[in-house]
Amino acid sequence: MKAGSRSGVGTFLLQRCRHKSLFRLAPGLRNCRGNPNCLVGIGEHVWLGEIDENSFHNIDDPNSERRKKNAFVGLTNLGATCYVNTFLQMWFLNLELRQALYLCPSTCSEYLTGEGIPEDKDYEPQTICEHLQYLFALLQNSKRRYIDPSGFVKALGLDTGQQQDAQEFSKLFMSLLEDTLSKQKNPDVRNIVQKQFCGEYAYVTVCNQCGRESKLVSKFYELELNIQGHKQLTDCITEFLKEEKLEGDNRYFCETCQSKQNATRKIRLLSLPCTLNLQLMRFVFDRQTGHKKKLNTYIGFSELLDMEPFMEQRNGVYVYELSAVLIHRGVSAYSGHYIAHVKDPQTGEWYKFNDEDIEKMEGKKLQLGIEEDLAEPSKSQTRKPKCGKGTHCSRNAYMLVYRLQTREKSPTVEVPAFLQELVERDNCKFEEWCNEMAEMRKQSVARGKIKHEEVKELYKRLPAEAGSPYEFISLDWLQKWLDESTPPKPIDNAACLCSHGKLHPDKISIMKRISEYVADFFYRRYGGGPRLTVKALCKDCVVERCRILRLKNQLNEDYKTVTNLLKITVKGNDGFWVGKASLRSWRQLALEQLNEQDDDTEHSNGKMNGDTQNKDESNEDKREEEEELNFNEDIVCPHGDLCISENERRVVSKEAWKKLKQYFPKAPEFPNNKECCSQCKILEREGEENEALHKMMASEQKASLQNLFHDKCRPCLGSWPQETDELYIVSQFFVEEWRKFVRRPTRCSPVSSVGNSALLCPHGGLMFTYASMTKEDSKLIALIWPSEWEMIQKLFVVDHVIKIIRTLADDTNPESALYDSEPKLCPECREGLLCQQQRDLREYTQATIYIHKVVDNKKVMKEAAPELNVSSSEAEEEREENKPEGEQDPDFNQTNGGTKRQKVSHQNYVTYQKQGIRRSTRHRKVRGEKALLVSANQTLKELKIQIMHAFSVAPFDQNLSINGKILSDDTATLGNLGVIPESVILLKADEPIADYAAMDDVMQVCMPEEGFKGTGLLGH
């Protein structure tokens, strides 16, 4: 190394940064990353000056999880269980229901015997009633801001990740609760669901002829009100009770008239419950899409609802007060969020229950607030109607709950002693957790104060004074040391070392120079290494770095010099061979190589802490780089010598080669007088001789078998030729491969053997019957005249002779002929082949089928589409011949398309049928058809989704059939339904869909809806 280089590095290490003082409290100052002496802006501002104690920890105040005074307790959303939480809060505020549940005796033996609650055992409710009891007790007296309902949800078997129909959940759970409580002895408990929620109405049918009135009384737990076309709740109730005419095919059979008569039918309300649940049918079935959709229309409702006008007997008090509004946020029926506005029956104040968060409304008034502004606006969106005092309107409310107005005070509900003991135990756990968190915060603050003093003291002594010993440490580690959120790890300087085990010069920019005193403290406290002192800088890497920089600066000048030298004609044997491709790109190659060397030296020993490169990725990159040709390797033959093609190389002068060698010292060198590779010359001569031989073979074979080559005058088993009693058989695959060779003898390999073993089973028997060879298997074989067979035996190696022999029982009657084969048919293997073919047709992973849309029950035939240009099989075959090897017809998917040949010998004989099919025999699409890629294990439901995209026909409107068989089971697989590759499925649409955008919800439901199937709500 020159002295100047060494002193230059020293000057770099001693340069000052632009920051005058280390202790300027300015968080916005940025660090001079290229300067190892700059120690400002590395995170020190957090520790200098006064510090807030809260910055020493990342633990939230445990008191933020504490229930506020006179506030309700929230419920944790377990994923998609907000719909459950809203109903739990609403039922909790039904004081009569809560009181009845508290009276329900527990089945737990520890409580029944009076022994108390074991200290070492957690309480586990056994029944739905016990789960509700415990939940309600916690909601009433817990000290937590919110509680976890996972035990209740798990007991019901609900999927926490799937949002369900809230209205269906309400009905099913009420039914389950009623059934569970019906076993109780206490009538106040047993009948609570009926008393609170159950009313009666009657279906009344009146005969128009005789006036006979029949009445069917039924119980209800909620009234399901249609909201389409209505603006007010009272209009929805009126429609629910309106009279319906039974006429025509829908006439009513009158018992008095003993015949079908026109009649009227309506619903009459007989009695109403204390709690009236009104379900607004926002989620309706859309016939076009086959799925639910949400109606985002405004419905007005009042806080007082007089039901007397709707009752059959109007002599009672039927004034109801609004007590709860259940809201669904979102425009889709398959997504969104559920919240509840519920009135406290004891104070009359309204609260918004949103999972963990509960908000009290001001002034004892219901305030729906922003809930009505969350639906996405659309062009057809109506404006929100004006609401008077005591009335509200909502486009997101899906359930309204009214309570019968009464002057009686709401009952005071006390938590039973055993439940209160459980709540107090949970409260004790909560207090312990709060104390534990507070103690952790306290300890973190204490550690932070110690660290604060330590950092302030060490940071003062961090800079290395002039002339004092110093060491290098990574900036990354220093920043982690100053980061209060992460405890520092041991110092690891390995990533900053070069291949010689010393400090890499390019790593100095991400290192900091610190005093030896502070370095000693760091290594004593945190450990690690290796230590990088002033002698750690690598001299060899500095020299190499200077060489690369010098070559980079010199490259442009050398490029001009080499360009001029290449214009000079080289005389004699003084030059060198260089590849033309290498010469065209030598500057780019040189620059890339210098950059790679630069990167190699920079990354010679990994990266900084926490930024290590994936070994597999780096190895893969290296392999890819090795596969690329280096300079002058484009004229190296496979044997490592000079290639024989002079078109790919040229001679350059000694001076030009010397310049190039500076950049490519390892490039292969070939003097002008160097002989070409002798092995390549021999191979070239042999190749020319082989081409001539192949042309001669092809010409001879074509002349000997002209009719076979041109596919003319071919015998047919269906109409046996009279001039012979025997025909020979070869595989069609052999014939096609032979024709390819004859057409292009220089490109294709010659066919040496007939390969008839592919047509035989492992036992040597024939795989095809005479009947199948006249029909479906005819495409796998080629019939040969006896004269042609003699020539084939001379030209090719014949492994097995296969022939069909005709025997005439009566010489005058050709129809009396008997046909036999040599060798004989193997019945067992033939049966196995057929079974395997059937399995293959039903176990495909990717195949093309065709969907044909039927218009007026008539299928569009080829003749109805004269504009379709259907090419002949010969033209198609010629196009297949011209395709590059390995390229497949996109309309013809077979798993063996890329393979040359598969033998039908031993275990693989059954696969022969797949690889010999002529592509020109495939199904041709006609107008009204579309091709789809399917697999055998996909369901009919999934196929209908594909058809919906292709034809814009909703799954519900699709009528599918194949070969006259209706496809109706959406859960069945295509393989089980008999859909095989190349099948044509007929599609008849019930109705055209005008608005394809209306099917957005369909794509949100890829799997069939299962609702509450398999849950505890249905008794599972």
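Restricting attention to the stretch 511-556, which residues are open to solvent by 80 Å² or more (accessible area, probe 1.4 Å) and over 27 Å from TYR663 (Cα atoms)? Within the stretch 511-556, TYR517, ARG524, ARG525, ARG531, LYS535 meet the criteria.
Selection within the stretch 320-336: residues that are outside any loop (DSSP other than H, G, I, E, B) and open to solvent by 40 Å² or more (accessible area, probe 1.4 Å). The member of this set that is modelled with the highest pLDDT is GLU321. You will find that of GLN701, GLN732, the residue that is out of contact with any Pro (no Cβ under 8 Å at 6 or more places or on another chain), over 21 Å from LYS779 (Cα atoms), open to solvent by less than 50 Å² (accessible area, probe 1.4 Å) and in contact (Cβ under 8 Å) with a residue 12 or more places away in the chain is GLN701 and no other.
Considering the stretch 642-658, and only residues there that are crowded, with 18+ Cβ neighbours inside 10 Å and not in a strand (DSSP E or B), the residue that is nearest to the chain's Cα centre (by Cα) turns out to be CYS643.
Can you confirm whether the stretch 711-724 contains a residue that is within 21 Å of MET696 (Cα to Cα) and in contact (Cβ under 8 Å) with a residue 24 or more places away in the chain? No, the stretch 711-724 contains no residue that is within 21 Å of MET696 (Cα to Cα) and in contact (Cβ under 8 Å) with a residue 24 or more places away in the chain.
Screening VAL1005 with (1) within 30 Å of LYS154 (Cα to Cα); (2) modelled with pLDDT of 65 or more gives one miss only, at (2). In the stretch 324-336, the residues that are within 12 Å of LYS292 (Cβ to Cβ) and without any contact (Cβ under 8 Å) to a residue 24 or more places away in the chain never reach a residue that is part of a loop (DSSP other than H, G, I, E, B) and open to solvent by 10 Å² or more (accessible area, probe 1.4 Å) with C-beta atoms less than 9 angstrom apart, at least six apart or across chains.
Only strands (runs of 3 or more DSSP E) whose full extent lies in the stretch 907-982 are considered here, and the ones with at least 1 residues that are modelled with pLDDT under 90 and surrounded by 14 or more Cβ atoms within 10 Å (Cβ to Cβ) are 929-934, 958-962.
Quick one: which of GLU736, GLU723 is closer than 28 Å to GLU815 by Cβ and of a type in the set (Asp, Glu)? Within the list GLU736, GLU723, the selection yields GLU723.
Considering only residues in the stretch 448-482 that are among the β-branched types (Val, Ile, Thr) and open to solvent by less than 70 Å² (accessible area, probe 1.4 Å), the one that is nearest to SER515 (Cα to Cα) turns out to be ILE473.
Note on the stretch 744-759: residues that are of a type in the set (Val, Ile, Thr), within 18 Å of TRP789 (Cα to Cα) and open to solvent by 20 Å² or more (accessible area, probe 1.4 Å) total 1.
Of all the criteria given as (1) open to solvent by less than 30 Å² (accessible area, probe 1.4 Å); (2) more than 23 Å from TYR102 (Cβ to Cβ); (3) assigned by the TED database to the domain that holds LYS69, the one not satisfied by GLU168 is (1). Residue pairs whose Cβ atoms lie under 7 Å apart, sitting 6 or more positions apart in sequence or on different chains, and linking a residue in the stretch 640-667 that is under 14 Å from GLY579 (Cα atoms) to a partner that is outside any loop (DSSP other than H, G, I, E, B) and among the charged types (D, E, K, R), are ILE644/LYS681; ILE644/GLU684; GLU648/LYS580; GLU648/ASP634; ARG649/LYS580; ARG650/LYS580; ALA667/LYS661. Counting only residues that are closer than 25 Å to VAL284 by Cβ, part of a loop (DSSP other than H, G, I, E, B) and either in contact with a strand residue (DSSP E or B) (Cβ under 9 Å, 6 or more places away or on another chain) or touching a residue at least 60 places away in the same chain (Cβ under 8 Å) (or both), how many does the stretch 213-262 have? Residues that pass the stated criteria total 10. Beta carbons closer than 6 Å, at least 6 apart along the sequence or on distinct chains, pair a first residue in the stretch 166-177 that is in contact (Cβ under 8 Å) with a residue 24 or more places away in the chain with a second that is open to solvent by 10 Å² or more (accessible area, probe 1.4 Å) for LEU172/LEU1017; MET174/TYR221; LEU176/LEU1017. Of all residues in the stretch 795-826, those that are without any contact (Cβ under 8 Å) to a residue 12 or more places away in the chain and either assigned to a helix (DSSP H, G or I) or under 24 Å from ASN756 (Cβ atoms) (or both) total 2.
When restricted to residues that are buried (at least 16 other Cβ atoms within 10 Å of the Cβ) and touching a strand residue (DSSP E or B) at 6+ places or on another chain (Cβ under 9 Å), the stretch 778-794 contains 9.
For the stretch 479-499, the set of residues classified as assigned to a helix (DSSP H, G or I) and closer than 24 Å to ARG30 by Cα consists of GLN479, LYS480, TRP481, LEU482, CYS496, listed by residue number.
The residue pairs whose first member lies in the stretch 557-569 and is over 17 Å from TYR663 (Cα atoms), whose second member is surrounded by 12 or more Cβ atoms within 10 Å (Cβ to Cβ), and whose beta carbons are closer than 7 Å, counting only pairs six or more residues apart or on different chains, are ILE568/SER653. Scanning the stretch 659-680 for residues that are surrounded by 12 or more Cβ atoms within 10 Å (Cβ to Cβ) and basic (Lys, Arg) returns LYS659, LYS661, LYS674. Residues of the stretch 296-309 being in a loop (DSSP other than H, G, I, E, B) and open to solvent by 20 Å² or more (accessible area, probe 1.4 Å), which ones? Matches in the stretch 296-309: ASN296, THR297, TYR298, GLU303.
A count restricted to the stretch 760-777 and to residues that are touching a Phe, Trp or Tyr at 6+ places or on another chain (Cβ under 9 Å) and surrounded by fewer than 17 Cβ atoms within 10 Å (Cβ to Cβ) stands at 2.
The values are calculated or read from the model by the stated rules, or taken from the named source; none is laboratory data. As the structure is a prediction and not an experimental result, all values here were calculated from the model. Glycine also receives a Cβ, built like all others from the backbone with ideal geometry; neighbour counts cover every protein chain displayed. Just the protein is used for accessible areas: all its heavy atoms, side chains included, with ligands, DNA and RNA removed. Shrake-Rupley method; radii C 1.70, N 1.55, O 1.52, S 1.80 Å.
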